[in-house]
Amino acid sequence: MEQLSQQDISRQLATVEAQYKALAGRKLSLDLTRGKPGSEQLDLCNHLDGILGGDYRSETGLDVRNYGGLDGLPEAKRLFGTVLGVSPENVVIGGNASLSLMYTVIDLALSAGLRGPESAWGNSDEVKFLCPVPGYDRHFAICEYLGIEMIPVPMLDTGPDMDVVEKQVGEDADIKGIWCVPRFSNPTGCVYSDETVERLAKLGSLAGDHFLVMYDNAYAVHSLYDDAPGLANISDYCEQHGTADSVFQFGSTSKITFAGAGVAFLASSTDNLAAFKHHLSFQSIGPDKVNQLRHVKLLQDPEGIAAHMRKHAAILRPRFEAVLATLERELAGTGMGEWLAPRGGYFISFNTRPGLAKEVVRLAAEIGVNLTPAGATFPYGKDPADSNIRLAPSFPSLAEVQETAEAFVVCVKLATLRQQLA
Ligand code: PLP
């Protein structure tokens, strides 16, 4: 950061204070909080309604309107298995939310046990999870709700810091799992390197029985650019290292079709799926197979999914670029913040100078710009550096995203300059 005299800082501060005041006078009402698809994106799939044309038979002749088919339709397993890079027999199709599937897996491992009552994590006095930070607040909320202690692990550009992960797992048998968002991680947007994926696949042998990599591949096919980095296939590594029991993969069409009416899926080893299906059989007679069939009709095959995702990218890309161009123009080289330019996913992760995230979020709220609460990307909502802010540009219109980005940089400047003068 360039060295400024107190006088220079005061002069800059006066300009920024005036910009902030002008923004306040505009009575903005903007929201960059949650990573929801915008209505233009949702409109891409309106023809899901009625797509079956009255034909409710699956490829095996099953009437999808009726009960049954607890683990999903074969054609849905085949299609969504390609998203996770696994064989159909390793897939279970659930309801609309992958988050419910994640919750159910943790609940199963904790209470009933993946291999019967003796194996339940809950038999230990303490159950801990590794949480790469910054990360996804709803993963952390599951742990907090179920009484699982969270241990933060630094997130690098290549994924979780695997030296730290392996050390922790090797030293503490109470650590039962790790959360991962391997492609376009929420919120940093990084894609795990091949080496990270292989080391995650090997954790099962290091940790012993019933350790779980909760591999939430929510953004598996959500590239913004055709040349976005791909992700190594973790199930290939698991096969190589004999650790298939240690990984549960998750995905959904929440950000492919309808966020509130999509299809969720998970994949794991044969034994894990048997335990999962048994657990599920007490909760449901079967999922919404009508919706599964509608999704297969709409998306058809991996090429169909890729073509569809390019339409999403065309809508999202300008929103991301509006934020990134504004950050670059206003803040690059000032030392007032750091960010990455993601090649896919739903978020931009911004780090203020230490101790300023809460203040930036507060300043933004005062002028009608709603940002994700500072700390939300850390376990227990506590960012020790008070620095990370997650920006989610998908939902507002492009004009609103642009306005929000401009207001955001004013708030960052204001908080930083005030801190420098303090
Ligand atoms: N996983 C991650 C990493 C997410 O960012 C989100 C939504 O923002 C979800 C899961 C939610 O997925 P679903 O709608 O399938 O429950």
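The values are calculated or read from the model by the stated rules, or taken from the named source; none is laboratory data. Keep in mind the model is a prediction, meaning the values are calculated, not measured. Counting neighbours? That spans all protein chains shown, and the Cβs are built from the backbone with ideal geometry, glycine included.
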Flagged in segment 21-33 as surrounded by fewer than 18 Cβ atoms within 10 Å (Cβ to Cβ) and either aliphatic (A, V, I, L, M) or over 22 Å from R390 (Cα atoms) (or both), in numbering order, are K21, A22, A24, G25, R26, K27, L28
Check your understanding: On the given criteria, is F276 away from the ligand (no atom under 16 Å from the Cβ) and in contact (Cβ under 8 Å) with a residue 60 or more places away in the chain?
Key -> yes
Of the residues in segment 34-52, those that are buried (at least 16 other Cβ atoms within 10 Å of the Cβ) and under 13 Å from P396 (Cα atoms) come to G35, K36, P37, G38, Q41
State whether the residues of segment 284-293 include one that is at pLDDT 95 or above and in contact with a helix residue (DSSP H, G or I) (Cβ under 7 Å, 6 or more places away or on another chain). yes
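So, A207, is that one at pLDDT below 95 and either small (G, A, S) or assigned by TED's automatic domain parsing to the domain that holds P117 (or both) or not?
Here the answer is yes, as A207 does meet what is asked.
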Those strands (runs of 3 or more DSSP E) completely within segment 335-388 that have 3 or more residues that are under 30 Å from A306 (Cβ atoms) and modelled with pLDDT of 95 or more are 348-352
Among the residues of segment 98-149, the number that are in a helix (DSSP H, G or I) and of a type in the set (F, W, Y) is 4
Counting only residues that are of a type in the set (F, W, Y) and near the ligand (Cβ under 8 Å from one of its atoms), segment 248-269 contains a total of 1
Residues of segment 135-150 being small (G, A, S) and within 15 Å of the ligand (Cβ to nearest atom), in sequence order, are G135, A141
Say whether the condition of being over 20 Å from I93 (Cβ atoms), out of contact with any Ser or Thr (no Cβ under 8 Å at 6 or more places or on another chain) and of a type in the set (D, E, K, R) is met by at least one residue in segment 264-286. no
Picking from D227, D163, the residue that is in the same structural domain as D107 (by TED's automatic domain parsing), away from the ligand (no atom under 14 Å from the Cβ) and touching a residue at least 24 places away in the same chain (Cβ under 8 Å) would be D227
